[in-house]
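Here the structure comes first, spelled out in structure tokens, and everything after it is commentary.
The values are calculated or read from the model by the stated rules, or taken from the named source; none is laboratory data. Because the structure is a prediction, the values reported are computed rather than measured. FYI the Cβ positions are ideal-geometry reconstructions off the backbone, even for glycines, and counts take in every protein chain you see.
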Amino acid sequence: MLQKIIFAVLFILNGCQSTHKISPDIDNFKPDLRGLRVALLVTDGFEQVELSEPRKALERAGAKVTLISPKAHKVQGYKHDKAAKAFKVDLPLHKAKAENFDALLLPGGVKNPDQLRMIPEAVEFIRIMGRDQKPIAAICHGPWPLINAGLVKGHKLTSWPSLEIDLKNAGATWVNEEVVISDNIITSRKPQDIPAFNKAMIKVFSQRR
């Protein structure tokens, strides 16, 4: 009799366990970025996929992304060294105010960040975003202007390998990793890192809401 009772109790407990609802995996959680204002700062010569894919990911999550450029109407994207698609400029740089944005995205490509770091208005925009501890996501050569803005010292960063010495000389710790989060700065090395970059970017950006 006692054995039957024990069996019945175990059966009920097992049944309860089998129907228990398991919490969803955090990796499948989709943060709500509605209301988040993201500045996407570029000029001619950016690597197209490093603009289009992160922007797509942000917009899918609900963020409002504004393409800002020193160019007035369109900016030219590249696929490696060949011209690709041109993108419409939403807001000329001279009209953009850093205080109107919650986060910053800096795509790479060699020409694009090399030009931006020589434009005082672009460097000042980036500097203010960093000063106010707003999240900044930069991929490939994208971290280059962060040096001119005085934002890399004391940070652990990654980038395209050719920036390693420049970043170290500016006081950063450089590592060869697909994505690095250092306080408010997210960095990645190359287009192949975009999935990890997007995930980290959205995670950090979501904390600004």
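List of remarks:
- Matching residues in region 91-107 - criterion: being more than 10 Å from F46 (Cα to Cα) and either among the β-branched types (V, I, T) or under 19 Å from the mean Cα position of the chain (by Cα) (or both): A98, E99, N100, F101, D102, A103, L104, L105
- Scanning region 108-120 for residues that are part of a loop (DSSP other than H, G, I, E, B) and over 16 Å from E47 (Cα atoms) yields a total of 3.
Yes or no, residue by residue, for (1) part of a helix (DSSP H, G or I); (2) at pLDDT 95 or above; (3) touching an Asp or Glu at 6+ places or on another chain (Cβ under 9 Å):
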position	(1), (2), (3)
F7	yes, no, no
I12	yes, no, no
G15	yes, no, no
K21	no, no, no
D27	yes, no, no
R34	no, no, no
G77	no, yes, yes
F87	no, yes, no
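- Matching residues, region 48-69, being charged (D, E, K, R) and surrounded by fewer than 21 Cβ atoms within 10 Å (Cβ to Cβ): E53, R55, K56, E59, R60, K64
- Test: residue in region 179-190 that is under 19 Å from V110 (Cα atoms), modelled with pLDDT of 95 or more and of a type in the set (S, T, Y): yes
- Residue within region 121-138 that is in contact with a Leu (Cβ under 6 Å, 6 or more places away or on another chain), closer than 23 Å to S52 by Cβ, small (G, A, S) and assigned to a strand (DSSP E or B) present: yes
- Counting the residues of region 171-207 that are in contact with an Asp or Glu (Cβ under 9 Å, 6 or more places away or on another chain), surrounded by fewer than 18 Cβ atoms within 10 Å (Cβ to Cβ) and among the basic types (K, R) gives 1.
- Selection within region 151-170 - polar (S, T, N, Q) and either buried (at least 19 other Cβ atoms within 10 Å of the Cβ) or closer than 25 Å to D132 by Cβ (or both): T158, S159
- Scan of region 36-49 for residues that are assigned to a loop (DSSP other than H, G, I, E, B) and either aromatic (F, W, Y) or on the phi > 0 side of the Ramachandran plot (or both), ordered by number: G45
Condition check ((1) touching a Phe, Trp or Tyr at 6+ places or on another chain (Cβ under 6 Å); (2) over 28 Å from P31 (Cβ atoms)) across all residues:
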residue: R60; (1), (2): no, no
residue: P70; (1), (2): no, yes
residue: H73; (1), (2): no, yes
residue: Q76; (1), (2): no, yes
residue: K79; (1), (2): no, yes
residue: A84; (1), (2): yes, yes
residue: D90; (1), (2): no, no
residue: L93; (1), (2): no, yes
